[in-house]
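Some notes on the structure that comes next.
The values are calculated or read from the model by the stated rules, or taken from the named source; none is laboratory data. Because the structure is a prediction, the values reported are computed rather than measured. Cβ coordinates were reconstructed from backbone atoms using ideal geometry, including for glycine residues, and neighbour counts include every protein chain displayed. Keep in mind that these areas ignore ligands, DNA and RNA; they rest on the heavy atoms of the full protein, side chains included. Shrake-Rupley method; radii C 1.70, N 1.55, O 1.52, S 1.80 Å.
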Amino acid sequence: MITYDQLFIGGRWTEPSSPDLLDILSPHDESLIGRAAQARPADVDRAVAVARAAFDEGTWPNTPPAERIAVLRRLNALREAHAEQIAAVITAENGSAGWFTRAGQPGLSRQAGAYLKAAEDLAWEETLTPTDPAATVRSVVRREAIGVVAAVIPWNSPFSAALAKIIPALLAGNTVILKVCPENSLSMGLLADLLAECGLPAGTISVLPADRETSEHLVSHPDVDKIAFTGSTGAGRRIASIAGQQLKRVSLELGGKSAAVVLPDADLAKFTAGLAFSCLLNNGEACIAQTRILAPRSRYEEVVDAVKQVVESLKVGDPQDPETFIGPMIRRDQQKRVRDYIETGIKEGARLVTGGPQLPAGLEQGYYVTPTVFADVDNAMRIAQEEIFGPVLVVIAYEDEDDAVRIANDSEYGLSGGVWSADEQHALAVARRIRTGTVTVNGAPVGFDGPFGGFKASGLGREYGFVGLNTYLEYKTVTL
């Protein structure tokens, strides 16, 4: 059993304001796998105070970019050296299948590499050439840190979400308080251990597991200059309102209800080979999951049958079993939420193709749900409009390409999506018409050099690469 009885504040482990430890239970069998201290508002105040002092009076903001890059490169190397341990801890606390947590480790290296390359290539200070040759004024443009950053992340992919924020924030010269979910206290404790080793100055980084009320205390704190949030659209709206009242810088990566558009010429064998990874990754607990499958009316039943066969072939069970593709939901309330949505789909009149609200056979203990596919779904149904965050897919028929694009865009969200076609250039043309921040063609993975984020209710701002790094910078112009 893993125990973290202290909090990581300002780069060192310190006594929490409350001695109570939270029991961390396995989503697989509800056994006790660890205990961890939880931050309270008093701990947040301490973390913000040391971050404020480290930014205003410390060395990190004025450390040359090359030296900051070297420190974050060490952090990434430490993370790579502990990749197997990290994957195992996330599988234990989240219920994410082992294949997913292990497969995600190289992606974390690519994510970090894109930020590091962006920092190396960035013109941190440059003198602009006047557009008017006769001008006597010279403009020096500087990129400077914003200040104290509150990075607030969700539970479903903790290392990816954490590093997507703290690496660019620290590269930019900010100080950071990383607020993590209580469920991830163990994996994020491991991250704190790595942060303690990489060479950051005192006060630069804190890692605080905390509940929602304590999170609101953090983002509302007057000494926080920027909020970087990933989570639900509802929570994002609340944070945006706080940021608006206080005029804080804010970036939000929120929910999704993404569509996979299967064009009439698509190779169904290739589509079904990629379906599980694009639609049901991380047990379906992924904001980018393409859970609306749009199929041409002419091939509708063929697509429905193919989706049914794939979903029924996926093993559900112990996430540590290498044969398991879908593990349990993270908590009992999340299990209930997904099963309630399945009941809703049945009541709305959708055709239940496979699955249902019943528990999977032999998996009555733990937080399991039965992977489910609905057909004859109208895009106005709740199961087609609301983010379920579980292994539930809906197959929606379209009449022609214009109708497919209309249905794909008929959502309050705009985070991700996919297009499947035998003609890559045609798929690209359709992708250009879909109003989302990311679109994949024929199951291509999301890259880290380009920006990632959402249109509409899927967020504000972008992460990854050059654009993501600039999210944590202020521009200053000095004229001479």
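Structure notes:
- Among the residues of this structure, Trp155 does not count as one that is open to solvent by 20 Å² or more (accessible area, probe 1.4 Å) and touching a Pro at 6+ places or on another chain (Cβ under 7 Å).
- Just so you know, in the range 77-87 the residues that are more than 18 Å from the chain's Cα centre (by Cα) and free of Cβ contacts under 8 Å to residues at least 40 places away in the same chain include one that is most open to solvent (accessible area, probe 1.4 Å), and it is Glu84.
- Residue in the range 62-69 that is within 21 Å of the chain's Cα centre (by Cα), charged (D, E, K, R) and open to solvent by 40 Å² or more (accessible area, probe 1.4 Å) present: no
- Where His221 falls short, out of the listed (1) closer than 26 Å to Val392 by Cβ; (2) crowded, with 20+ Cβ neighbours inside 10 Å: (1)
- Residues satisfying the stated conditions in the range 319-367, i.e. in contact with a Pro (Cβ under 8 Å, 6 or more places away or on another chain) and under 23 Å from Asp305 (Cα atoms): Ile326, Val338, Arg339, Ile342, Glu343, Ile346, Thr354, Gly355
- Within the range 102-121, if we keep just the residues that are open to solvent by less than 50 Å² (accessible area, probe 1.4 Å) and touching a residue at least 60 places away in the same chain (Cβ under 8 Å), the residue that is nearest to Gln334 (Cα to Cα) turns out to be Gly107.
- Given (1) open to solvent by 20 Å² or more (accessible area, probe 1.4 Å); (2) closer than 26 Å to Phe466 by Cβ, index of the condition Ala164 fails: (1)
- Across the range 10-26, the qualifying residues are those that are open to solvent by 50 Å² or more (accessible area, probe 1.4 Å) and of a type outside the set (A, V, I, L, M), and the one among them that is farthest from Ile205 (Cα to Cα) is Asp23.
- Residue list for the range 27-59, filter: surrounded by 22 or more Cβ atoms within 10 Å (Cβ to Cβ), in contact with a helix residue (DSSP H, G or I) (Cβ under 7 Å, 6 or more places away or on another chain) and part of a helix (DSSP H, G or I): Val44, Ala54, Phe55
- Given (1) in a helix (DSSP H, G or I); (2) buried (at least 22 other Cβ atoms within 10 Å of the Cβ), index of the condition Trp99 fails: (2)
- Odd one out for Glu302, checked against (1) more than 30 Å from Thr214 (Cα to Cα); (2) open to solvent by less than 10 Å² (accessible area, probe 1.4 Å): (2)
This table checks each residue for (1) touching a residue at least 60 places away in the same chain (Cβ under 8 Å); (2) closer than 21 Å to Ala81 by Cβ.
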residue	(1), (2)
Ile166	no, yes
Leu170	yes, yes
Gly173	yes, no
Pro182	yes, no
Ala202	yes, no
Ser220	no, no
Thr233	yes, no
Ala243	no, no
Leu247	no, no
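- Single residue of Glu216, Glu253 found to be of a type in the set (Asp, Glu) and either surrounded by fewer than 20 Cβ atoms within 10 Å (Cβ to Cβ) or within 30 Å of Lys315 (Cβ to Cβ) (or both): Glu216
- Hey, Glu312 in a helix (DSSP H, G or I), open to solvent by 50 Å² or more (accessible area, probe 1.4 Å) and touching a Pro at 6+ places or on another chain (Cβ under 6 Å) or not: no
- Filtering the range 335-346 to residues that are open to solvent by less than 30 Å² (accessible area, probe 1.4 Å) and under 23 Å from the mean Cα position of the chain (by Cα) leaves Gln335, Val338, Tyr341.
- Of all residues in the range 315-334, those that are open to solvent by 10 Å² or more (accessible area, probe 1.4 Å), under 11 Å from Pro391 (Cβ atoms) and either among the hydroxyl-bearing types (Ser, Thr, Tyr) or within 22 Å of the chain's Cα centre (by Cα) (or both) total 1.
- Counting only residues that are open to solvent by 40 Å² or more (accessible area, probe 1.4 Å) and polar (S, T, N, Q), the range 133-152 holds 1 of them.
- Within the range 465-480, being within 24 Å of Gly107 (Cβ to Cβ) and in contact (Cβ under 8 Å) with a residue 24 or more places away in the chain holds for Gly465, Phe466, Gly468, Leu469, Asn470, Thr471, Tyr472.
- Complete set of residues in the range 80-110 that are touching an Asp or Glu at 6+ places or on another chain (Cβ under 9 Å) and over 26 Å from Pro391 (Cα atoms): His82, Ser109, Arg110
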